[in-house]
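Quick notes on the structure that follows.
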Amino acid sequence: MNIQGQAALVTGGASGLGEAVARALAAQGARVAILDVNAERAQQVAADIGGIACHCDITQTESVTAALAQAAAAHGPARILMNIAGIGTAKRIVSRDGQPAPLEDFARVVQVNLIGTYNISRLFAAACVALPPLDDGERGVMMFTASVAAFDGQVGQQAYSASKGGLVGMTLPMARDLAQHGIRVCTIAPGLFATPLMKELPETVQQSLAESIPFPKRLGKPEEFAQLALQIVTNGHLNGEVIRLDGALRMSPR
C-alpha cells in the first residue's frame, strides 16, 4: 500500500514507539490520527505532525467508536491501523509473604494489551470491509505490537507475556479471516528499546540491558521500530507474520 494520502490510526501514538510510528507515517504523507488516553500529549504530537488527536480507551467500545468517528470525519476512512497502545507489569504469582498475586492485576494487562487490541481491530476491520479495494485488491492493513516476552518471558511477566503471546497467536488466524476482504495483518515483537519508560531506569541499568543484546549492543531505536512498521504497510506480500525486532536477543529468566 502506498502510504501517501492514506488515513492512518495509531493507538498509543502519544509517546514511545507509537509516537515514532505516527511521525514516520506523517513524514510519508499519511493523514495520522493519534488515539491515546493521554489527551494532552496526543495533542502535542498531533500538532507537531499536522495530524489529529483522539482521546481513546481501547478497552471501551464507546470510546473507540467515538475516536474512529472523529478520525474519519477529519481524515476520511482509515486503511492503516497501528496497534501500539499497551501496558506492562511485573509481579510474581506468589509474593514473598506467600500471598497470591491479585487477579485484577493480571486481568487488567490482558484487558488492555489483548482484548483492547482486538476491540479496535474488529471495529477498524468492519469499516475497512466497506471500502472499495485499491488497484491491487487491498483494502487495509493492521499491525499488532507484541514483545519478545511473548516467547521468552521473564519471572513475574506472566500477565504481560500472556497478553503479548495472545497477540502472536491472533495474528495468523486474523490474517486468514480477513484475507477474503483484502486486509493484511502482521505483528512486530520488539526487544529492548529506548522508550521514555526505559529511559527512566538508571543509566547503568540501561547499559547492562544493552550489553545483553548480541548485536548491535545497544537499545533499539524507536525509529527502527517505525521503519519496520512502515515496511509492513508498503510490502503487500507481508501478511500473517510475526517479526522479532530484537538484535537476536533471547531473554534470561531474570
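Since every read-out is calculated from the coordinates, none of them should be taken as a lab result. Here the structure is a predicted model, which means the values were calculated and not measured. Reconstructed Cβ throughout: ideal geometry from the backbone, glycine too, with neighbour counts over all protein chains shown.
Alpha carbons only, please: Rg and Dmax for region 111-254, in angstrom.
16.6, 53
Please give the peptides 194-202, 93-101 ranked by average Cβ packing (other Cβ atoms within 10 Å per residue), highest first, as a rough proxy for protection.
Top to bottom by mean Cβ count within 10 Å: 194-202, 93-101.
So, R0 is 22 Å and r is the distance between the beta-carbons of LYS199 and ALA90; what FRET efficiency does that work out to, to 0.05?
0.80
Between PHE215 and ALA73, what length in nm is gained on full extension when 0.36 nm per residue of separation is reduced by their alpha carbon distance?
46.7 nm
For region 7-245, build the charge dipole from Cβ charges (+1 Lys, Arg; -1 Asp, Glu) around the Cα centre, then report which of ALA126, SER208, THR89 sits farthest towards its positive end.
Checked the options; the winner is SER208.
Write down the percent of antiparallel bridges among all DSSP beta bridges whose residues are both part of the chain, to the nearest 5.
5
Find the Cα radius of gyration of region 1-145, compare it with 2.2 N^0.38 Å by division, and give the number to two decimals.
Scaled against compact globular proteins, the figure is 1.14.
For region 32-122, what is the charge dipole size about the Cα centre, in debye to the nearest 20, if Lys and Arg each add +1 at the Cβ and Asp and Glu each add -1 at the Cβ?
That gives region 32-122 a dipole magnitude of about 280 debye.
For region 7-245, give the magnitude of the charge dipole about the Cα centre (Cβ charges: +1 Lys/Arg, -1 Asp/Glu; no others), in debye to the nearest 20.
Dipole about the Cα centre, nearest 20: 260 debye.
Could you quote the convex hull projected area for region 124-185, Cα atoms only and averaged over all directions, in nm²?
4.6
How big is the chain along each principal axis, measuring the range of its Cα positions in Å and listing the largest first?
Dimensions of the chain along the principal axes of its Cα atoms: 57, 37, 36 Å.
What FRET efficiency do you get for HIS237 and VAL129 if R0 is 25 Å and r is their Cβ-Cβ distance, rounded to the nearest 0.05?
It comes to 0.75.
Give the residue from MET198, VAL141, LEU178 lying farthest towards the positive end of the charge dipole for region 99-216; charges sit on Cβ (+1 for Lys and Arg, -1 for Asp and Glu) and the dipole is referred to the Cα centre.
Farthest along the dipole direction, towards plus: LEU178.
Can you show me the helix-derived [θ] at 222 nm for the chain, built from DSSP H runs with n ≥ 4 at -39,500 (n - 2.57) apiece and divided by the number of residues, rounded to the nearest 500.
Calculated from helices alone, the mean residue ellipticity at 222 nm is -13500 deg cm²/dmol.
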